[in-house]
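Chemist: Below you'll find the structure I mean.
Derivation of every value follows stated rules applied to the coordinates shown; laboratory data play no part. For clarity, every value in this text was computed on a predicted model and none was experimentally measured. Because the Cβ atoms are built from the backbone with ideal geometry, glycine has one as well, and the counts that use them run over all protein chains shown.
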Amino acid sequence: MRWPSFFHRRRRKFSSPQGRNQNLHRALRILSVVSSKLMENKGVLMTCPMSSYLEEQLQKRFRLLKLWDSQMKADFLKQNSQLISAVVGNTVLGADSELIDSLPNLEIVSSNSVGLDKIDLVKCKERGIRVTNTPDVLTDDVADLAIGLALATLRKISVADGFLRNGLWKNSDFGLTTKFSGKSVGIIGLGRIGSAIAKRAKAFGCPIGYHSRSRKPNANYKYYSSVIDLAANCQILVVACALTDETRHIVNREVIDALGPKGILINIGRGPHVDESELVSALVEGRLGGAGLDVYENEPEIPEKLFQLQNVVLLSHVGSDTVETCKAMADLVLANLEAHFLGKPLLTPVV
Amino acid sequence: MAQIHTNQTLSVNLPQVLVLGPPSIFRIYEKHLSQKFMLLKPWESPIPLEEFLSIHAQNTTAVLTSSVVAYLSSALRLLPSVRLVVTSSVGPDHIDLKECRRRGISVAYASSVFSADVADLAVGLWVDVLRKISAANCFLKTGLWPVKGDYPLATKLGGKRVGIIGLGRIGQEVAKRLEAFGCKISYQSREKKPSVSYPFYTDVCELASNSDVLIICCALNDQTYHLINREVLQALGRQGVIINAARGAIIDEKALVQFLQEGKIAGAGLDVFEHEPNVPEELLELDNVVFSPHSAVFTEESCKDLYDLVVGNLEAFFSNKPLLSPVQFDDFMR
């Protein structure tokens, strides 16, 4: 049989390298348009304001619903529950049991955080709802801040800044502070963030000890099976573990007493890791040497007794709050959502 | 006879040391020092310094001083018998080394006692500027978090290009710390250091234009006076930060103030100033500047180490033994 000439022309066009390339680009364009159309109709619920960049991108790519748009949250959820396929939450407001129960078509929770304590993971598993978070992209920022807090607390950097700004240097000396380099550092939780903190502290000549659920075979640091022993054997205790039922109030009165009047506590984990009322008493009474805190039990409330203490440095849960990392976290949230809706493997699944 | 203001009654046989300043270390460890040395303390005398020295210090062979003493050169001219000057400062820029060398006067300094502390503070200041630690701490301690919401976003440290000016002991300690933060290190120094692999720049402007932060770790001398001038700040640029825990006069302070006020550089962490304890008032309104009162070396631990070193140097001198931390004149006088 003789094939028509147009067929031969087409065959030559498709079989050449340029032809194949053009075809591929055309296919990708078509796929991109189809994918966009598919995702445009997917309802994504954002639980609270967290990143204007993330909000813009979610608005562009999906059907974005903002939980804080309505004062009557329960009604808002009732009206829109069928539409919502995805929830984007964070460390302030995640996806608890009540929220999950109210969303019958929920397929995925993509958290704009690495911490998962605000997500009912058990419920998600039961219902087959996927969960993703934002590990790795924020590790360095959080570790940097832990060291920054330790330096600020021991060397009284913020106090000194205020001393100068208030004109006090003209008439008096600032006095002595405490050296950071060489102090022993104890880390609770030697995951990604804990390991990054250890790497930095080592560069300051600090001997490192750690407590974790289990010994880490590749870690070259001294392991302590009890937090109290770790606290008794270090001068700077850093909380860097995940918040779970087991780690709630892992830093309690006994641990604080073991750390002692020359010890300092750095918390870049979660507020509930520390028994806050015991911490405040210990600081006020001088039973603990100082603290650098980025998290609190009832954010944004901070115990007022801490405001007057010069040996305490306070930050507002900013461990990953840099321009660069916020964008990287948001991009990861978006990439996970797109992967899910396009049937591709999730980038950073937890469930 | 004029009364000599010393601890004479208890220390007649102790070696005599003239104290000028006095240095901060002296204020902390005076009692300990007076148990080892007979201390001449001119500030306790009602007579002018020149007269005091002429009467009481003609046979004095050792002087203890620090960078707070601006008049050291003129004092030394009135001390014919001096053979040793011990300074509690890291930088001997307040000492006329040329004159000391000419007269055969040895100089001992604080050497590496403070290197880690200065490096720690330089790093601490930079982290503070970029992550807004002091500014946020101040904001929170006024109880404003629930009212005004979150503090503005900060800037990441990792991956930033760090330009170190002066890669001596302190500069190398800074480099070691910031490498662990994932920063890229380059440096400018009088000479390339063969033992380090960081990129080397002969020209400070070129270093500045390839850096996100400049950290000053060099000594103050004729070559480094106002080393950081308008041209260098311009090269550093709008996103650049400058950290100074060395000496105030290494930076043209007027230029720095202008660049910060006009937003032509992103921020500064300053432990030293040209006219301490006066700080440019214009900077006090800026929250992208972190201030420190020349306290890079003042930790309890380093003060104790410094006291041990000062005593060690004095005792070595009086026993005709080698000094523990002598200034090598050639290192500082090029």
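Chemist: I'd like the Karplus ³J(HN,Hα) series for region B:219-231: coefficients 6.51, -1.76, 1.60, θ = phi - 60°, whole numbers in Hz, and an x wherever there's a Gly or Pro.
Modeler: Each residue of region B:219-231 in turn: 7, 8, 8, 4, 6, 9, 4, 6, 4, 8, 10, 4, 4 Hz.
Chemist: With each pseudo-label sitting 7 Å past Cα toward Cβ, what's the B:Asp308-A:Arg127 distance in nm, one decimal?
Modeler: 6.3 nm
Chemist: Could you state the per residue volume, in Å³, of the convex hull enclosing the Cα atoms of the protein assembly as shown? Could the numbers behind the result be given before it?
Modeler: Working: hull volume 151.8 nm³, N = 685.
It comes to 222 Å³ per residue, whole-number rounded.
Chemist: Label 7 Å along Cα→Cβ of A:Asp75; region A:101-120 residues with amide nitrogen under 20 Å?
Modeler: Residues passing the 20 Å test: A:102-103.
Chemist: Kindly express, to the nearest 10 degrees and within the range 0 to 90, the angle between helix B:115-131's C-alpha long axis and the longest C-alpha principal axis of chain B.
Modeler: Relative to chain B, helix B:115-131 is tipped by roughly 30 degrees.
Chemist: Using a 10 Å cut-off around each Cβ, can you sort A:Arg253, B:Arg177 from fewest to most neighbouring Cβ atoms?
Modeler: A:Arg253, B:Arg177
Chemist: Between A:Lys262 and B:Leu78, what's the calculated FRET efficiency when r is the beta-carbon distance and R0 is 30 Å? Round to 0.05. Please list the in-between numbers first.
Modeler: Numbers: r = 46 Å, r/R0 = 1.53.
Between A:Lys262 and B:Leu78 the formula returns 0.05.
Chemist: On average, how many beta carbons from a partner chain sit within 10 Å of the beta carbon of a residue in B:286-295? Walk me through the numbers on the way to the answer.
Modeler: Details: counts 0, 1, 0, 3, 6, 8, 10, 10, 4, 11.
Mean inter-chain Cβ contacts per residue within 10 Å come to 5.
Chemist: Compute the distribution of all C-alpha to C-alpha distances in chain A, in bins of 10 Å from 0, and list the percent of pairs in each, rounded to whole numbers.
Modeler: With a bin width of 10 Å, the distribution comes to 5, 21, 25, 20, 14, 8, 4, 2, 1, 0, 0.
Chemist: Turning to a different aspect of this structure: Measure off 7 Å from each Cα along the Cα-to-Cβ vector at A:Glu304 and B:Asp203, then give the distance between these two points in nanometres to one decimal.
Modeler: The answer from the label model is 5.9 nm.
Chemist: Where does the protein assembly as shown land at 222 nm, in deg cm²/dmol rounded to the nearest 500, when only DSSP H runs of n ≥ 4 count, each adding -39500 (n - 2.57), divided by all residues? Please report the intermediate quantities before stating the final value.
Modeler: Working: 26 runs with 265 residues, N = 685.
So the calculated ellipticity at 222 nm is -11500 deg cm²/dmol.
Chemist: Fewest to most neighbouring Cβ within 10 Å: what's the order for B:Cys205, B:Cys183? Don't jump to the answer; show the numbers that get you there.
Modeler: Values: B:Cys205 16, B:Cys183 20.
The most exposed by this proxy come first: B:Cys205, B:Cys183.
Chemist: Run down the aspartates and glutamates and flag those whose C-alpha is under 16 Å from the C-alpha of B:Lys192, throwing out any fewer than 8 positions away in its chain.
Modeler: The qualifying aspartates and glutamates are B:Asp203, B:Glu206, B:Asp331.
Chemist: For chain B, find the longest principal axis of its Cα atoms and tell me its angle to the long axis of helix B:24-36, 0 to 90°, nearest 10.
Modeler: On a 0 to 90 degree scale, this one is about 30.
Chemist: So, in nm, how far is label A:Asn218 from label A:Asn23 when the simple model puts each one 7 Å beyond its Cα toward the Cβ?
Modeler: 4.3 nm
Chemist: Now for a separate question. Once you sort the root eigenvalues of the Cα gyration tensor of region B:192-262 as a ≥ b ≥ c, which label holds: rounded (a/c under 1.5), prolate (a/b larger than b/c) or oblate (the other case)?
Modeler: Working: a/c = 2.07, a/b = 1.34, b/c = 1.55.
Cα axes put region B:192-262 in the oblate bin.
Chemist: Ranked highest first by average number of other Cβ atoms within 10 Å, how do A:244-250, A:333-339 line up? Write out the running numbers ahead of the final one.
Modeler: On the way: A:244-250: 14.0, A:333-339: 22.1.
Ranked from most to least packed, the peptides come out as A:333-339, A:244-250.
Chemist: Follow-up question, since we're still on this one. Please give me the summed charge of the neighbours of B:Lys304: other residues whose Cβ is under 13 Å from its Cβ, Lys and Arg +1, Asp and Glu -1.
Modeler: Working: positive: A:Lys179; negative: B:Asp117, B:Glu300, B:Glu301, B:Asp305, B:Asp308.
Net of charged neighbours comes to -4.
Chemist: What is the average number of partner chain Cβ atoms found within 10 Å of a Cβ in A:292-301? Numbers along the way, then the final one.
Modeler: Values: counts 2, 2, 2, 0, 2, 0, 0, 2, 9, 3.
If you average over the peptide's residues, the count of other-chain Cβ atoms is 2.
Chemist: For peptide B:180-186, how many partner chain Cβ atoms fall within 10 Å of a residue's Cβ, on average? Each step should come with its number before you reach the end.
Modeler: Details: counts 11, 9, 6, 0, 0, 0, 0.
For peptide B:180-186, the averaged partner shielding equals 4.
Chemist: Kindly put B:Asp271, A:Asp75, B:Asp212, A:Asp140 in sequence by how many other C-beta atoms sit within 10 Å of each C-beta, fewest to most. Walk me through the intermediate numbers first.
Modeler: Details: B:Asp271 27, A:Asp75 10, B:Asp212 20, A:Asp140 24.
By the 10 Å Cβ count, ascending: A:Asp75, B:Asp212, A:Asp140, B:Asp271.
Chemist: Compute the Rg/Rh shape ratio of region A:186-233: radius of gyration over Kirkwood radius, all on alpha-carbon atoms.
Modeler: On the way: Rg = 9.8 Å, Rh = 10.6 Å.
My calculation of the ratio gives 0.92.
Chemist: Listed highest first by mean packing, meaning other Cβ atoms within 10 Å per residue, what order do A:85-92, A:145-152 come in?
Modeler: Working: A:85-92: 23.8, A:145-152: 29.1.
Highest mean packing first, the order is A:145-152, A:85-92.
Chemist: Which entries of A:Lys170/B:Lys31; A:Lys262/B:Lys304; A:Lys60/B:Lys160; A:Lys262/B:Lys36 show an alpha-carbon separation above 20 angstrom in the structure shown? Intermediate values should be presented prior to the final figure.
Modeler: Working: A:Lys170/B:Lys31 26 Å; A:Lys262/B:Lys304 17 Å; A:Lys60/B:Lys160 32 Å; A:Lys262/B:Lys36 31 Å.
Where the Cα-Cα span goes over 20 Å, the pairs concerned are A:Lys170/B:Lys31; A:Lys60/B:Lys160; A:Lys262/B:Lys36.
Chemist: Quick check on packing: order B:312-321, B:242-251 by the mean number of other C-beta atoms within 10 Å, highest mean leading. Display every interim value, and only then the final one.
Modeler: Numbers: B:312-321: 16.0, B:242-251: 25.4.
With the highest mean Cβ count within 10 Å placed first, the list reads B:242-251, B:312-321.
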